[in-house]
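Quick note: the coordinates plus some simple rules give every number you see, no bench work behind them. Owing to the predicted nature of the structure, the values given are computational and were not obtained by experimental measurement. Note that each Cβ is placed from the backbone with ideal geometry, even for glycine, and that neighbours are counted across all protein chains shown.
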Amino acid sequence: MRLSRRQQLLKLGRTALSRLVTLLLRLEAMVAGLRRQLDALQHQVRALQRQVQELKARLALNSTNSGKPPSSDGLTKAAPKPKSLRTRSGRRPGGQVGHPGRTLQAVAQPDHVRVHGLDRCPCGACSGRSLRAEPVLDYEKRQVFELPQKPLEVTEHQAEIKLCPVSGRLVTAAFPEGVTAPAQYGPRFKAQMVYFNNQHFIPYQRLTQICEDLYGQPLSEATVAAANQRAYDHLAPFEQQVVQLLTQAPVNHCDESGLRVAKTLHWLHVVSNPAVTFYGVHPKRGTQAMNYFGILPRCTHWLVHDHWKPYFTYDQCLHALCNEHHLRELKFLHEEHHEAWAQEMSAFLLRCLARRKNRGVLNQRQFKKVHARYRAILSKGRHHHPRQTGHKAQSKAANLLDRLEDFDLNVLAFTLFEEVPFTNNCAEQDIRMEKTRQKVSGCFRTLHGARRFARIRSYLSTCRKQGQNILEALERALLGDPFIPSAPAAGP
């Protein structure tokens with residue numbers, strides 16, 4: 001039976017509608033898939049943007065806004081120009097009024113005196129009249145400091161040989177102590193070689209060239225090495241005294257830095273204050289090394305450091321944090337991430353430092369106001385960087401906020417206690433020259449050689465802080481009578 005025209009149209013409509021519904025369903029599935037792909041792409045873009053931002057921030061790190069050393073800045077055009085965190089003081093550049101200066105001063109007893117006679121008058125009014133018969137009224141004096149023409153003096157020791165009238169044997173007089181070879185260098189010369197090697201990091205091979213050029217005499221590398229070892233052995237009581245003084249000091253500064261020894265990473269540790277310095281080398285960086293040296297476990301006063309967490313295991317100490325590190329990190333957040341709170345916190349810390357220099361430390365009432373302002377600035381940063389829970393990764397800003405919040409009293413200790421410094425510069429300056437030595441000579445071949453260098457450097461640094469003549473102190477060490485520091489006199 002044939003369908004009517006109407007039924008045929010309905011059948012075609014139903015078929016078209018079914019196909020349309022199927023097409024719409026397919027389109028809806030495709031749209032959902034595209035949305036999922038778009039969400040995935042957007043997530044990937046956000047991740048890549050974060051990665052690019054992190055890489056750009058890492059490239060922007062330099063010695064002025066992080067803990068990186070200046071040597072890592074390089075010499076490229078992209079390297080930052082040297083800038084200081086200090087603000088203008090308003091004083092003119094150069095020496096200030098009252099500064100003693102370091103002009104070369106004449107000595108009271110010169111080694112040589114050369115008199116220049118005045119035979120004829122130079123005044124011009126007497127046509128050069130002879131003055132030979134006139135008495136000398138006074139002398140105008142000028143001194144010239146110059147190296148001697150013969151920098152090495154040779155002393156020959158002759159021991160008398162006699163015949164014993166009783167035994168008939170030949171007997172010889174005793175040589176002075178230390179005179180053991182037919183030809184040898186004296187302790188003052190060896191002290192100079194030890195000084196060049198350990199204070200100015202001149203390698204053994206170059207020292208042999210210097211000796212040949214300056215003194216016209218040969219020098220073996222073994223001679224310098226033996227002098228270093230002799231100094232190291234004789235400085236054992238000095239090191240014991242330094243350890244004892246550091247455990248009793250009211251404030252100590254701590255720092256550590258990587259050191260290559262026998263092609264492996266070791267760590268150079270420093271504990272110091274304005275009077276004495278201790279250096280130690282150890283394969284470990286943390287408490288294992290600190291316990292080995294035996295200083296920090298016995299300290300009961302202030303330790304100033306850069307928030308390396310193992311230092312906080314010594315809870316018998318009072319801890320103060322280096323604000324120079326904070327200023328660099330705050331500068332990075334302000335310049336690279338445009339964090340307004342970071343600039344405000346930096347200015348706040350510098351104002352606190354200026355206030356302490358001009359008016360002294362705060363009393364309890366004043367500190368409450370300062371602490372409240374400190375917390376208010378941190379709350380502005382927390383508004384943009386809430387504290388994360390669990391083990392989620394945080395930004396540099398959030399990590400710094402955590403530290404400044406959790407260790408607020410350690411950060412602001414300098415405002416309450418006169419003996420607490422604003423920075424850890426004492427330890428950082430003490431450790432900086434050791435990094436210079438590593439650049440010049442590379443790594444140490446043995447652990448003993450590294451520890452020998454550390455002990456001699458402890459001696460040199462301490463002698464300089466104590467106002468000792470370095471060469472005389474080294475000569476004393478080589479002779480077995482090193483300078484032994486004493487505790488500074490107590491204030492009134």
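Counting only alpha carbon atoms, the long axis of helix 364-384 and the longest principal axis of the chain meet at about 50°. Of the peptides 110-119, 178-187, the order by per-residue mean of other Cβ atoms within 10 Å, starting with the highest, comes out as 178-187, 110-119.
Full extension of the segment from A133 to Q229, taken as 0.36 nm per residue of separation minus the current Cα-Cα distance, would add 28.2 nm.
Residue exposure proxy: S272, S257, ordered by other Cβ atoms within 10 angstrom of their Cβ from fewest to most, comes out as S257, S272. Listed from fewest to most Cβ neighbours within 10 Å, the set T300, T208, T415 follows the order T300, T208, T415. Ellipticity at 222 nm from helices only: DSSP H runs of n ≥ 4 in the chain, each -39500 (n - 2.57), divided by the residue count, give -15500 deg cm²/dmol. Ordering of 377-388, 15-26, 418-429 by packing is 418-429, 377-388, 15-26, highest average first (other Cβ atoms within 10 Å, averaged per residue).
Short-range pairs are left out: with C-alpha atoms under 8 Å and at least six residues apart, the relative contact order of the chain is 18 percent. Among D406, D306, sorting on how many other beta-carbon atoms sit within 10 Å of each Cβ, with the fewest leading, yields D406, D306. The long axis of helix 447-465 is offset from the longest Cα principal axis of the chain by roughly 70 degrees.
Across the cross-link table entries K331/K392; K331/K380; K357/K435; K435/K465; K284/K357, which are compared at the Cα atoms, the separations over 27 Å belong to K357/K435; K284/K357. Restricting attention to the chain, close to 70% of DSSP beta bridges with both partner residues there are antiparallel.
Taking the C-alpha atoms only, the angle from helix 221-234 to the longest principal axis of the chain is near 90 degrees. Looking at [x] 1.24; [y] 0.99; [z] 1.28, which value of Rg/Rh (Cα atoms, Kirkwood Rh) comes from a calculation on the structure shown? It is the one labelled [x].
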